[in-house]
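Only one structure is covered here, and it is reproduced in the block below.
Please treat every number below as a calculation from the coordinates, not as lab data. Bear in mind the structure is a predicted one, so any value in this text is a computation, not a measurement. Using ideal geometry, Cβ is built from the backbone for each residue, glycine included, and neighbour counts are taken over all protein chains shown.
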Amino acid sequence: MRWLEYAVFLAIVLGSAQPLGLYLARVCQRERTVLDAVLGPIEAMLYRLLGVNPDQEMSAGVYFMCFLLFGLGCAIVLFLVLTFQRWLPGGPADAYLTTPMTVDLAANTAVSFTTTTTWQAYGGENTLRYLAQVVGLVAQNFLAGAAGLAVGFAFIRGIARERSATIGNFWVDLIRSLLWVLLPLALVGSLVLIWQGVPLNMTPYVSVHTLEGGTQTIAQGPVAALEFIKNLGTNGGGFFNANGAHPYANPTPFTNFLGMLAITVLPASLLITLGHIVHRPRAGWVLLMVMVALFIAGLVVCDRAETASPPQFAGLHVVGGNMEGKEVRFGIGDSVLTAVVTSNASTGSYNSMHDSFQPLGVLVPLIFLLLGEVVFGGLGTGVYSIVMAALVGVFLGGLMVGRTPEYLGKRIGSAETRWIALYALMTPMVVLPLTSVAVAVNAGRAGLVTNSGPRGFTEILFAYASCMANNGQTLAGLSADTVFYNGTTAIAMLVGRYGLAALALALAGRFAAQRRLATTAGTLPSDTPAFGALVFGTILLVGALCFFASLALGPIAESLGQSL
Amino acid sequence: MTDTNQALERTAVPVRLRRARLGEQLRPAILGVVVLTLLTGCGFPLLLFAIGPSLFPHQASGSLLRRGGLVIGSKLISQEFTRPEYFQPRPSAAGGGYDGTSSGGTNLGPNNFRLRNGAAGFAGIRQLAEEYRQNNNLATGTPIPIDAATRSGSGLDPDISPANAALQIPRIARARGLSEGVVAQLVTNHTTGRQFGFLGNPRVSVLELNLALDQLPNQATPSRLR
């Protein structure tokens, strides 16, 4: 039955990609849509309020600076909200807020939520005021997601244009992403979540008299305001510590399925948007199929690892796959699907504890994090992740067959190659040194309070990979609310967001300025299955070259160790 | 080439003439942060509060269950049951166990010695499985469903598998002086199938089932039941 669920999931993602992709193209190109009558006046009002001339366009440099300035401003606001949350009115009572909101935790969280990482070094229900969750975190889930989509739009325009000095207007893209995409979908989706049982209230934590005569206190809050947009904006940080495993956050298999679709459909559709805007629709589908192939491969491996009867519990006469850290309503199928979707799409909204996954079950999400979110990826950011991977493939392919490297009519000259290579090396350059430092110093090893050995190493590698990918998932056995981890993970999050976006936008700017090359017999066609296979192979090859040694020390060593 | 030119006409107005300069962006940046934070952090939640709780008041307030005017729990949140006359939920790692204000799992890796064998003050899967068999009068080595001996991700998993519930039926029937058939029928009535026929796993909601158990007629009523 779970295979049917996986199949239906992929069918919906692929089926909605075309219509949604064309809709996103209209949003991107400021063309007419059905929502214009309602949203047009709000859009115009926001431009007036912000003092934005929507017809003015920006160079790649100015576009990036706006993206950066906006992110910085959001981070400052969120930092202030978190730091001064104790003066915010409303619940929960101070007695339940047992995690102190230190300066380093507030700064880490501010960076985390403004970069769509939503890495959470705290547990929501015992750290945050309701109003801090709403005014602080809900807002950032929207804004960081929309800013990412804006950058994705600009990147697509860069490829589509020729001899253009500009790639769009950040404020226009941001506001249109919010109004035409995130807000309406989030409103509908959040209402569905409430219908399914996700609470939306501001009442104090409820004390109940249990059937056996005891008492239990149950956390409450405006949970539904956060839980849908966290997925739609590919952020992922949950209202509660257990995130998507919490029955209030994710009460039914349907809410989970809907959340996984919310994560995936927009990033998948953006490939169709890309193909449409550059007039190479098949090239967009080829990239989408590369993603689907990687996705299915990960799903199969993770599914095998988790559904097998855990060899560690042999002799205990327990029947079934690995249910430690998983919820009955999801079973292993939904947990695996969620692990694969969330690790791919830059969204840390896990619904089971990945730290209790089998070594090969952890290996799958870890690889997806390290590959840099090329499968679907973050909202907007995913489109340049996969195009960058394709460009590396074009470069390698071009070297092999002796053709001029070009992609979608754009020449990959030496300057472009430099940006692409730097982009491809950014993740290993950040994740591997940070991991090395963390395992070398006491402050880093002090985080290993739950597991040790290869699993402990995996926890640390996973943490930096997750932050660099702006994913936010965690192997939660790692105790990460320390100055060391709050600081170092913030570095990874910032580079993963702004470093990669800077390179992508710089490249988009160069592409926009180029002429479009005519397609000749010497052009490596980018819309064939063979090209898809080239990209697929490149992703795995580059990933393996960069990370195999680290993976061998973590999940692979753990897996081999248990069979000895 | 013509294709591209058409695309350009659509997307790019004579852009070189009206390029935005960096110096002009500070005002939209500052105002954008403030205005859009208000829109998404206040406007959106207010709109949701205006619609959601009026459409779904029970769910919005936490799916709380009442008996005799007293709130006895939430349909969605597992609570502790230790007495033989109640179905027992999965073991919990939320706080000190079933703590509704401190969700979470063990986060122990499957190869972690403690997960299988336990430690001081922490029951491993071996011990949890043995206790489950003792509580339910099952012979040593009787296979039991794994959800009965593992902790969920949230520690608040309200459900157990139908197989887990089935193994507890004889104990419940004996403790309440009911026939196993009656209890089994109740379990069947409280088993939720896959959602829309294909999503998730079949499951039994423990708290709702136990509430219904207390309402069954003709049972050897334990004193505290109303």
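Hey, can you grab everything whose amide H is under 5 Å from the amide H of residue B:156? Only 5+ residues off in sequence or another chain; H modelled, so Pro and N-termini drop out.
B:104
How many times 2.2 N^0.38 Å is the alpha carbon radius of gyration of the stretch A:1-105? Let's see the in-between values first.
Working: Rg = 21.7 Å, N = 105, 2.2 N^0.38 = 12.9 Å.
For the stretch A:1-105, the normalised Cα radius of gyration is 1.68.
How much of the calculated P(r) for the stretch A:207-350 lies past 17 Å, in percent of all Cα pairs? The partial results should precede the final answer.
Numbers: 7027 of 10296 pairs.
So the portion of pairs separated by more than 17 Å is 68 percent.
Partner chain Cβ atoms within 10 Å, averaged over the residues of A:212-225 - can you pull that number for me? Before the final figure, lay out each step's value.
Details: counts 10, 2, 5, 1, 13, 5, 13, 8, 7, 1, 5, 2, 8, 8.
Taking the mean over all residues of the peptide, I get 6.
Mind checking the angle between helix B:44-55 and chain B's longest principal axis? C-alpha axes, 0 to 90 degrees, to the nearest 10.
For B:44-55 against chain B, the angle is about 40 degrees.
Ratio to report: Rg/Rh of the stretch A:77-230, with Cα atoms as the point set and Rh obtained by the Kirkwood method; give two decimals.
Values: Rg = 19.0 Å, Rh = 17.5 Å.
Answer for the stretch A:77-230: 1.09.
Normalise the Cα radius of gyration of the stretch B:75-205 by 2.2 N^0.38 Å (N = residues in it) and let me know the number.
1.07
Taking the alpha-carbon centroid of each part, what is the distance from the stretch B:196-210 to the stretch B:50-80 in angstrom?
Cα centroid of the stretch B:196-210 versus Cα centroid of the stretch B:50-80: 18 Å apart.
Could the peptides A:48-58, A:255-265 be put in order, highest first, of the mean number of other beta-carbon atoms found within 10 Å of their residues?
A:255-265, A:48-58
Looking at the stretch A:435-564 from every direction and averaging, what is the projected area of its Cα convex hull in nm²? The partial results should precede the final answer.
Working: hull surface 45.4 nm².
Value for the stretch A:435-564: 11.3 nm².
Would you mind ranking A:66, B:42, A:546, A:28 so that the residue whose beta carbon has the fewest other beta carbons within 10 Å leads the list?
So the ranking, lowest neighbour count to highest, is B:42, A:546, A:66, A:28.
Taking the number of other C-beta atoms within 10 Å as the exposure measure, put A:129, A:445, B:66 in order starting with the fewest. Numbers along the way, then the final one.
On the way: A:129 23, A:445 14, B:66 11.
If I rank by nearby Cβ atoms, fewest first, I get B:66, A:445, A:129.
What does the charge dipole of the protein assembly as shown about its Cα centre add up to, to the nearest 20 debye, if the Cβ of each Lys and Arg holds +1 and the Cβ of each Asp and Glu holds -1? Write out the running numbers ahead of the final one.
On the way: 50 positive and 40 negative charges, 235 e Å.
Result for the protein assembly as shown is approximately 1120 debye, rounded to the nearest 20.
Once you average over the residues of A:234-242, how many Cβ atoms of partner chains fall within 10 Å of each Cβ?
For peptide A:234-242, the averaged partner shielding equals 3.
Computed FRET efficiency, Cβ-Cβ of residue B:215 and residue B:134, R0 41 Å: what is it to the nearest 0.05?
Rounded to the nearest 0.05, the efficiency is 0.90.
Report the charge-dipole magnitude of chain B in Debye, nearest 20, computed about the Cα centre from +1 at each Lys and Arg Cβ and -1 at each Asp and Glu Cβ.
Charge dipole, chain B, about its Cα centre: 380 debye, nearest 20.
Sort out for me the Cα centre separation of the stretch A:324-402 from the stretch A:1-74, rounded to whole Å.
Measuring centre to centre over Cα atoms gives 23 Å.
At 10 °C and 1.306 mPa s, grab the translational diffusion coefficient of chain B from Stokes-Einstein with a Kirkwood Rh over Cα pairs, rounded to a whole number in µm² per second.
Translational D for this selection: 72 µm²/s.
Let me check against my output: what whole-number percent is the relative contact order of chain A, with C-alpha pairs under 8 Å and at least 6 apart? Working shown, then result.
Details: 1004 pairs, mean separation 110.0, N = 564.
It comes to 20 percent, rounded to a whole number.
Tell me the mean residue ellipticity at 222 nm calculated for chain B from its helices only (DSSP H runs of n ≥ 4, each -39500 (n - 2.57), averaged over every residue, nearest 500).
Rounded to the nearest 500, the figure is -11500 deg cm²/dmol.
Among B:34, B:204, B:183, whose mean-square fluctuation peaks in a Gaussian network model of chain B (Cα, cutoff 10 Å)?
Maximum fluctuation in the GNM of chain B, among the listed residues, is at B:34.
Starting with the highest mean, order A:422-434, A:316-328, A:166-178 by the number of other Cβ atoms within 10 Å, averaged over the residues of each peptide.
A:166-178, A:316-328, A:422-434
Counting only C-alpha contacts under 8 Å and six or more residues apart, can you give the relative contact order of chain B as a whole percent?
After rounding, I find 17 percent.
Would you please report the Å³ per residue occupied by the convex hull of the alpha carbon atoms in chain A?
152 Å³
Any idea what angle helix B:2-11 forms with the longest principal axis of chain B, computed on alpha-carbon atoms, 0 to 90 degrees, nearest 10?
On a 0 to 90 degree scale, this one is about 80.
Take each of the peptides A:179-189, B:208-218, average the number of other beta-carbon atoms within 10 Å over its residues, and list them starting from the highest.
A:179-189, B:208-218
When Cβ neighbours within 10 Å are restricted to other protein chains, what is their mean count per residue of peptide A:59-69?
The shielding value for this peptide is 3.
Bin width 10 Å, alpha-carbon pairs only: give the P(r) of the stretch B:19-61 as whole percents, running from 0 to the bin holding the largest distance.
25, 28, 22, 14, 10, 1
Using only Cα atoms, tell me the angle between helix B:26-38 and the longest principal axis of chain B; keep it within 0 to 90° and round to the nearest 10.
Taking the Cα atoms of chain B, the angle to B:26-38 is about 30 degrees.
Spelling out what I want: for every residue of the stretch B:149-165, take phi, set θ = phi - 60°, compute 6.51 cos²θ - 1.76 cosθ + 1.60 (Karplus), and round to whole Hz; glycine and proline get x.
10, 10, 9, 6, x, 8, x, 10, 4, x, 10, 10, 6, x, 5, 5, 4
Return B:75, A:410 ranked ascending by Cβ neighbour count within 10 Å, so the fewest neighbours appear first.
Ascending Cβ contact count within 10 Å gives the list B:75, A:410.
Please compute the Kirkwood hydrodynamic radius over the stretch B:70-140, one decimal place, Å, based on all pairs of different Cα atoms.
So the Kirkwood estimate lands at 13.8 Å.
In chain A, which whole DSSP H runs stretch at least 24 Å along their own axis (Cα) and average 1.6 or higher on the Kyte-Doolittle scale?
Helices passing the filter in chain A: A:60-83, A:381-401, A:529-551.
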